[in-house]
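Here, each number is a calculation from the coordinates, and none is a lab measurement. Nothing here was measured: the structure is a model prediction, and the numbers come from that model. Cβ placement follows ideal geometry from the backbone for every residue including glycine, while neighbour counts extend to all protein chains displayed.
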Amino acid sequence: MLAYVLIVVTVAIAVSALAERRNFQPALLVVMVGLAASYIPGIPQLEIDPQVILTIVLPPMLFSAARDFSFAEFLRRMGSIVNLGVFLVFATAVGVGAASIGALPELLPITVLILGVVVAPPDAVAAIAIGRRAGLPVGLMTVLKGESLINDAAALTMFSVLVAVATGTHAFIDNVPLYFLYASAVGIAVGLLVGNLAHWVRSRIASPSLATAFSVIVPFAAYLTAEELHASGVLAVVAAGFSIGHHAVQAGYEERMQESAFWRTIDTLLETFVFAYIGLQLRFVITDANEAGLDATELTVTTLTIFVTLVAIRAIWVFASAWVGRRRVIRRRERPLRAGRRQRPAPPAPLTSKENTVLAWTGMRGVVTLAAAAGTPLLTATGDPFPGREAIVSLAFLVTIASLLIQGLTLPWLIGRLELDDPNHDRFVATQRARAEQLIEAASHEALDAYARDHSGPRSERLVTMMRQRILHDQKAEKPRGIDTDEALVLGKLLLEARRSRLVAARDQLELDDTIVRDMLEKLDLEQAFMDSVAEG
């Protein structure tokens, strides 16, 4: 099996490389190649335990997405994210359940509810991979990524309760809302605890390679610890990712650069494997469904019914929420400010109608849907076959394929057709970058002033003068003679550290956005890497 997995990953990477050269969506091409390959005579089924997907594949993917996500942006869009990532999941489960029982009336109500929960959460990998390459505006990507990071928790929590009801076993907490609150609160607490503990340990590891290797443990530790407490492992991983990402600015530059490259590699490997795995299941899932008594007509009609229901519910929910949100913003702006109260912070600009159109159409399902469906028990507590399990597995897979191919293939076209842009965000980024440059310049001059006070003499004065001219981008300034290279490197590193400290302080005081700070720190890291190479040479 391991050799087969390695072959699948190798082929998937080659297909992705071909897609990149042809300017095509790599994820979708991998899926389509997998679909075709599943019908090659003699090709074995890639059988992976769903717990392997949930405990080994999913945690690092979520962790990587969370550690690169701006926590400040997440908080700014929290209302939209929770609305889509939690409430829409519950509404979708009920809606799909109602539509499914109409298409397959022989299924029990509990079976169609489980099916609804399984197909309810859009996939984090599909949304991020396709949306990022399609060039979605940052505000829209923030909502999509945030939704994808938490909707799995809502779906899997509800899935656990419904499966316990269907099998006749006892859930940790039978009340769904109460269980969700418990799973969310404890999961987030565990994730923050693991993330902060990991940061404390990593800060005492001198080797960047060892620190990067240690980061691999974090998502698994957070997920498994939360699951042992019957809490949400998904939210624990997301919270740990946010914590590690927030503290990354305090790490050494070598660690940041090495870890960033490492997790990009992990993302590529896992994404290609996941989409290849989805494609390779087609023939085997259809065969199992036929053996269970579901013919091709029933599968096709029910799959289309569920897919149309998913699209309709999401579209209605997105545009209704947008209308309510705009009305709320208008009332908030019109409400007079009471005497003695502080000025309310401006809410983030609501998504435009074009952005909401794209948001409504992005609902690709993925690996969590397949893992949850495959994780449906075979038997009830009495030893009877689980009611409608074959229908859950086959329909979940077919709906996933339909969403990836129909929505995934048309999404880039839709984005190009609508000509999306985000002038508000462009102005915000320009303002933030200008402010960051001001802070960097001020920190540099303060550091030079301190250095000049502590280092007297003509050589140090010439060095400080040269550095000031560089800060002011004085292209006509000539390099002074008599500059000591070692002293210049020392002063250069002092300036970089002063700039980093000022940027991090501005981030912590919410003066600068986390994403802007990370971009600026990446440039400073490259400068220091160049200085170290000069010093070693």
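Restrict the search to the stretch 139-237; then list the trypsin sites (Lys or Arg not before Pro) that DSSP places in a loop and that have at most 11 other Cβ atoms within 10 Å of their Cβ. Those satisfying the criteria are 204.
Between residue 230 and residue 406, what FRET efficiency follows from the Cβ-Cβ distance if R0 is 41 Å, with the result rounded to 0.05? Approximately 0.65, to the nearest 0.05. Across q = 0.20 Å⁻¹, the stretch 425-536 modelled as identical point scatterers on its alpha-carbon atoms has Debye log10 I(q)/I(0) values of -1.11, in the order of the q list. Before rounding to the nearest 500, sum -39500 (n - 2.57) across all DSSP H runs of length at least 4 in the chain and divide by the residue total; then give [θ] at 222 nm in deg cm²/dmol. So the calculated ellipticity at 222 nm is -25000 deg cm²/dmol. Between residue 328 and residue 442, the simple label model (points 7 Å from Cα in the Cβ direction) yields a spacing of 3.4 nm.
How tilted is helix 233-247 with respect to the longest principal axis of the chain? Cα atoms for both, answer in degrees (0 to 90, nearest 10). Approximately 10 degrees, to the nearest 10.
Would you mind getting me the FRET efficiency between residue 45 and residue 312? Use the beta-carbon distance for r and R0 = 25 Å, nearest 0.05. Given R0 = 25 Å and the Cβ-Cβ separation, E is 0.15. Between residue 380 and residue 192, the contour length at 0.36 nm per residue exceeds the Cα-Cα span by 64.1 nm. When the label point is put 7 Å from the Cα of residue 426 along its Cα-to-beta-carbon vector, which residues of the stretch 349-369 have a backbone N closer than 16 Å? It comes to 352, 355, nothing else.
Shown for 170, 445: other C-beta atoms within 10 Å of each C-beta, ranked fewest to most, produce the order 170, 445.
In the chain, excluding the sites themselves, the longest stretch lacking any of the chymotrypsin sites (Phe, Trp or Tyr not before Pro) that are in a DSSP loop with at most 14 other Cβ atoms within 10 Å is 173-537.
The angle separating the long axis of helix 26-37 from the principal Cα axis of greatest extent in the chain is about 30 degrees. Pairs of lysine residues in the chain that meet both criteria, 8 or more places apart or on different chains and Cα atoms under 28 Å apart, total 7.
Think of the chain as a dipole: +1 on every Lys or Arg Cβ, -1 on every Asp or Glu Cβ, centred on the Cα centre; then among 46, 175, 269, 175 lies furthest on the positive end. If you filter the stretch 1-96 for GluC sites (Glu not before Pro), then keep DSSP loop positions with at most 12 other Cβ within 10 Å, what is left? Taking the stretch 1-96 and a limit of 12 other Cβ atoms within 10 Å, the loop GluC sites (Glu not before Pro) found are 47. Could you work out how far the C-alpha centroid of the stretch 102-121 sits from that of the stretch 158-220, in angstrom? Result: 28 Å between the Cα centres. Taking 7 Å steps out from each Cα toward its Cβ at residue 75 and residue 206 produces label points 3.7 nm apart.
Can you find, among 257, 164, 494, the residue sitting farthest towards the positive end of the charge dipole of the chain, where Lys and Arg contribute +1 and Asp and Glu -1 at Cβ? In the chain, that residue is 494. What angle, in degrees between 0 and 90 and rounded to the nearest 10, separates the Cα long axis of helix 2-21 from the longest principal axis of the Cα atoms of the chain? That helix lies at roughly 60 degrees to the long axis. The GluC sites (Glu not before Pro) of the stretch 383-440 that DSSP puts in a loop, and whose beta carbon has at most 16 other beta carbons within 10 Å, are 419. Ordered by the number of other Cβ atoms lying within 10 Å of each residue's own Cβ, fewest first, 287, 111, 485 fall into the sequence 485, 287, 111.
Can you give the alpha-carbon Rg of the chain over 2.2 N^0.38 Å, where N counts its residues? Cα-based Rg divided by the globular estimate yields 1.10. You can think of it this way: the chain between residue 504 and residue 534 has 8.1 nm of extra reach, that is 0.36 nm per residue less the Cα-Cα gap.
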